[in-house]
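The values are calculated or read from the model by the stated rules, or taken from the named source; none is laboratory data. Since the structure is predicted, the reported quantities are computational estimates derived from the model, not experimental observations. No Cβ is skipped: glycine too gets one built from the backbone with ideal geometry, and neighbour counts run over all protein chains shown.
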Amino acid sequence: MRDTKLKEILAKVDSFPAMPDAGTKLLVLLEEPDTAVSEIEEILRYDPGLTANVLKLANSAYFGIPSKIGSLKQAVILLGLKRLIQLMVASCVSAVMDKSVAGYDLPAGDLWRHSVAVSIAAEALVKDKKKHGTIDVFTPALLHDVGKLVLGSFVKEELEAIKRLAAKGVPFVVAENMILGTDHAEIGAHILAHWNLPAEVISAVRWHHDPDSADASDLQMDVVYLANLLCQTSETSGEASGNAIELSPTVIDRLGIQLDQFETISAKVACWVDELSGALAFN
């Protein structure tokens, strides 16, 4: 029974909308240290709508740019190339992730809002930590729950069984796996592999609930895990449970995070999540 259900779920992954071609190419550039503005302009030559969306986002109050940004070159100067590419990728996936999600009781916009909140928290967690360099935590944080878009309808069918386990103290994601043979983190990793995203991003999404079970530790994975937990304490992610959230001491130690930093980060998320999720939600 579970094997049949798992085959149905994986078949749905295969039919999931592809990442727009521009988004895939931009993510490749995000991994390259010597990307030139001209390379981005070449990708966007045939997609003026994406350019317009990104410029709209670049002018959001979240980024605190005092003067209006009117071109990609100006955006690179004021925001930096890495940030510009992140915003373009966000623009590519926003329409997919801004939908309602059956099974998780998430109305249209809620999954996107949570994803943006986790992105804000992830960047706040690594701010001012020079040893983390220019590693991208924004993108995996934004995509960490994408698997819910596929798994949601299957969760809905088995929701009562999953809730019964959750009521006994079983984490929602573990209950998913017990009933369905997989969970939204694993399915999210399958989707990102389907999109040909970088291995580090896929791994961060795959293990965002349980980084200690991964074969090797990874900064992106640890940060997305912690940012997600931080946001779960203050707003919905569709994983209802009365259980107290337990932090992995191993992850806390690897990141060198002090628990008193969480309050500051939570305040930043609360301040900016509506502004940024609205600016990112392109139709």
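Data table
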quantity	calculated
Checklist (1) buried (at least 19 other Cβ atoms within 10 Å of the Cβ); (2) without any contact (Cβ under 8 Å) to a residue 40 or more places away in the chain; (3) basic (Lys, Arg) applied to ARG113, failing item	(2)
Some residue of the range 195-214 being out of contact with any helix residue (DSSP H, G or I) (no Cβ under 8 Å at 6 or more places or on another chain), within 28 Å of VAL28 (Cβ to Cβ) and not in a helix (DSSP H, G or I)	no
Complete set of residues in the range 11-51 that are in a helix (DSSP H, G or I) and either touching a strand residue (DSSP E or B) at 6+ places or on another chain (Cβ under 6 Å) or basic (Lys, Arg) (or both)	LYS12, LYS25
Of all residues in the range 95-114 being part of a loop (DSSP other than H, G, I, E, B) and at negative phi, the one that is nearest to the chain's Cα centre (by Cα)	ASP98
Any hit, the range 126-133, residues being part of a helix (DSSP H, G or I) and either crowded, with 24+ Cβ neighbours inside 10 Å or touching a strand residue (DSSP E or B) at 6+ places or on another chain (Cβ under 8 Å) (or both)	no
Residue in the range 45-65 that is surrounded by the most Cβ atoms within 10 Å (Cβ to Cβ), counting only those that are farther than 13 Å from LEU87 by Cα and not β-branched (Val, Ile, Thr)	ASP47
Selection status of ASP145, modelled with pLDDT under 90, in contact with a helix residue (DSSP H, G or I) (Cβ under 9 Å, 6 or more places away or on another chain) and acidic (Asp, Glu)	no
Hits in the range 19-42 - residues which are of a type outside the set (Asp, Glu) and either exposed (fewer than 12 other Cβ atoms within 10 Å of the Cβ) or more than 18 Å from the chain's Cα centre (by Cα) (or both)	ALA22, LYS25, LEU29, PRO33, THR35, ALA36, VAL37, SER38, ILE40
Unique residue being touching a residue at least 60 places away in the same chain (Cβ under 8 Å) and in a helix (DSSP H, G or I) when the list is VAL89, VAL76, VAL54	VAL89
Candidates VAL174, VAL201, VAL170, filtered to the one that is in contact (Cβ under 8 Å) with a residue 40 or more places away in the chain and among the β-branched types (Val, Ile, Thr)	VAL201
Identity of the residue in the range 215-263, at pLDDT below 85 and part of a helix (DSSP H, G or I), that ends up surrounded by the most Cβ atoms within 10 Å (Cβ to Cβ)	PHE262
Any chance ALA161 is small (Gly, Ala, Ser) and assigned to a helix (DSSP H, G or I)	yes
Single unsatisfied condition, GLY70 versus (1) over 17 Å from the mean Cα position of the chain (by Cα); (2) surrounded by 19 or more Cβ atoms within 10 Å (Cβ to Cβ); (3) not in a helix (DSSP H, G or I)	(2)
